[in-house]
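Engineer: Sharing a structure below in structure tokens format, with a few things to ask.
The values are calculated or read from the model by the stated rules, or taken from the named source; none is laboratory data. Remember, it's a predicted structure, so these values are computed and weren't measured experimentally. Glycine also receives a Cβ, built like all others from the backbone with ideal geometry; neighbour counts cover every protein chain displayed. With ligands, DNA and RNA removed, areas are computed over all heavy atoms of the protein, side chains included. Shrake-Rupley method; radii C 1.70, N 1.55, O 1.52, S 1.80 Å.
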Amino acid sequence: MRSPKLPSLSRRGFCLCCVGAAASAAASGWLSPRQAYAEARGIVSLIKDSAAVSPIVTHKLRNNITVLEGSGGNIAVLTGPDGKVLIDAGIRVSRPQLTKALADLGADPVTHLVNTHWHFDHADGNEWLHAAGAKIIAQENTRKHLAEVQRVEDWDYNFLPLGAGGIPSEVFADSRELKLNGSSIGLKYYGPAHTDSDISVTFAEANIVHVADMFWNGIYPFIDYSTGGSIDGMIAACDGNLAAMDKDTIVIAGHGKPVGNKAEFQAFRDMLVGIRDNVARLKKQGRTRDETVAAKPTAAFDAIWGQFVIDPGFFTRLVYQGV
């Protein structure tokens, strides 16, 4: 795996600004995270190390909605008299930086937290935010995964259950509507996508939607087959979300450039379809996984999407697994 070449994304993705050195030490050609980081401390530990020191960058949008970038997945915050509403919790080692960033948005307490899915870079901060007063809401599969040991093979890591305070207390199956701070907030599950627990969060009056890890803006995504993700599910979730947007919708991505638009999300979806079809065609011809990687089915997209830790070879193998 070659080293990332996106200095502008040093706090983005998984907060992987420190991972490049480990990746560049790996042998040439594609390696799984398990292989590439075996000589280091492991990808999850590296991500946490980075989050502990990364600053939080604040992006103010509209209708009292802000994006906080720098602690795992991009976090949305809605402020107002009902208290702060957070979409995702980031990584717990970022607590000092997040506490300051939240205080800079006003004195109102944190009262609600929505988890977009179960991954640690989106839910690891659940316990301290619950202790600070947040009621945690999520899709039912998120609660299930956070309450049990989860093995992610691609990261060679076993995630332990969160403590009782970090487990969502309120869950739903398909959709949920909230009314907070004068905003209509729609939570929507589109079925298995990046995992089997991903939801989008729509702020109706502001025409803003946080689609989390169903959208990696400008970089190839990770798909977690360990907990039900799939390339076809990612594409279906993109289609469902896109159908609910218009040209003025602000789209918050889980990773990559945090604030995007419908056209960028459409480009991401089209990239997924193009690569899925290329890989499926090669697999149908009887090509092995390594032969498919060697055929470079992502070549037409690599200049834009392939310059990060999830490089063309790694992403090709993820897609191959699902077609």
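Engineer: Which of the residues spanning region 129-147 are within 20 Å of the chain's Cα centre (by Cα) and not polar (S, T, N, Q)?
Structural biologist: Of the residues in region 129-147, the ones within 20 Å of the chain's Cα centre (by Cα) are 129, 136-147.
129, 136, 137, 138, 140, 143, 144, 145, 146, 147, listed by residue number.
Engineer: Going through region 222-259 one residue at a time, which ones are farther than 18 Å from residue 174 by Cβ, open to solvent by 10 Å² or more (accessible area, probe 1.4 Å), part of a loop (DSSP other than H, G, I, E, B) and touching a residue at least 60 places away in the same chain (Cβ under 8 Å)?
Structural biologist: 230, 257
Engineer: Out of the residues in region 125-164 that are modelled with pLDDT under 95 and assigned to a helix (DSSP H, G or I), which is least open to solvent (accessible area, probe 1.4 Å)?
Structural biologist: By that ranking, first place goes to 155.
Yes or no, residue by residue, for (1) assigned to a loop (DSSP other than H, G, I, E, B); (2) in contact (Cβ under 8 Å) with a residue 60 or more places away in the chain:
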| position | (1), (2) |
| --- | --- |
| 263 | no, no |
| 266 | no, no |
| 275 | no, no |
| 290 | no, no |
| 300 | yes, no |
| 310 | yes, yes |
| 321 | no, yes |
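Engineer: Can you tell me which condition residue 169 does not meet? The list is (1) over 13 Å from residue 92 (Cβ atoms); (2) touching a helix residue (DSSP H, G or I) at 6+ places or on another chain (Cβ under 8 Å), and all the others hold.
Structural biologist: Going through (1) over 13 Å from residue 92 (Cβ atoms); (2) touching a helix residue (DSSP H, G or I) at 6+ places or on another chain (Cβ under 8 Å) one by one, residue 169 breaks only (2).
Engineer: Give all pairs with beta carbons closer than 9 Å in which a residue from region 84-97 that is in contact (Cβ under 8 Å) with a residue 60 or more places away in the chain and outside any loop (DSSP other than H, G, I, E, B) meets a residue that is among the aliphatic types (A, V, I, L, M) and open to solvent by 10 Å² or more (accessible area, probe 1.4 Å); count only pairs at least 6 apart in sequence or on separate chains.
Structural biologist: 85/110; 85/178; 85/180
Engineer: Okay, moving on. Quick check, is residue 53 aliphatic (A, V, I, L, M), within 21 Å of residue 158 (Cβ to Cβ) and either surrounded by fewer than 17 Cβ atoms within 10 Å (Cβ to Cβ) or under 20 Å from the mean Cα position of the chain (by Cα) (or both)?
Structural biologist: no
Engineer: Looking at 122, 117 in this structure, which one is assigned to a loop (DSSP other than H, G, I, E, B), open to solvent by less than 20 Å² (accessible area, probe 1.4 Å) and at pLDDT 95 or above?
Structural biologist: 117
Engineer: Something else now. Among the candidates 302, 311, which residue alone is out of contact with any Ser or Thr (no Cβ under 8 Å at 6 or more places or on another chain) and modelled with pLDDT of 95 or more? Steps first, answer last, please.
Structural biologist: On the way: 311 fails: modelled with pLDDT of 95 or more.
Of the residues listed, the single one that is out of contact with any Ser or Thr (no Cβ under 8 Å at 6 or more places or on another chain) and modelled with pLDDT of 95 or more is 302.
Engineer: Could you please find all residues in region 274-307 being under 18 Å from residue 221 (Cβ atoms), among the β-branched types (Val, Ile, Thr) and open to solvent by 50 Å² or more (accessible area, probe 1.4 Å)?
Structural biologist: 304, the sole residue that qualifies.
Engineer: If you don't mind, another one. Only one of (1) out of contact with any helix residue (DSSP H, G or I) (no Cβ under 8 Å at 6 or more places or on another chain); (2) outside any strand (DSSP E or B); (3) crowded, with 18+ Cβ neighbours inside 10 Å is not met by residue 108, so which one is it?
Structural biologist: Among (1) out of contact with any helix residue (DSSP H, G or I) (no Cβ under 8 Å at 6 or more places or on another chain); (2) outside any strand (DSSP E or B); (3) crowded, with 18+ Cβ neighbours inside 10 Å, the lone unmet condition for residue 108 is (3).
Engineer: Can I ask one more? Restricting to region 174-221, name every residue that is open to solvent by less than 40 Å² (accessible area, probe 1.4 Å) and small (Gly, Ala, Ser).
Structural biologist: 183, 184, 186, 191, 193, 197, 200, 206, 212, 218
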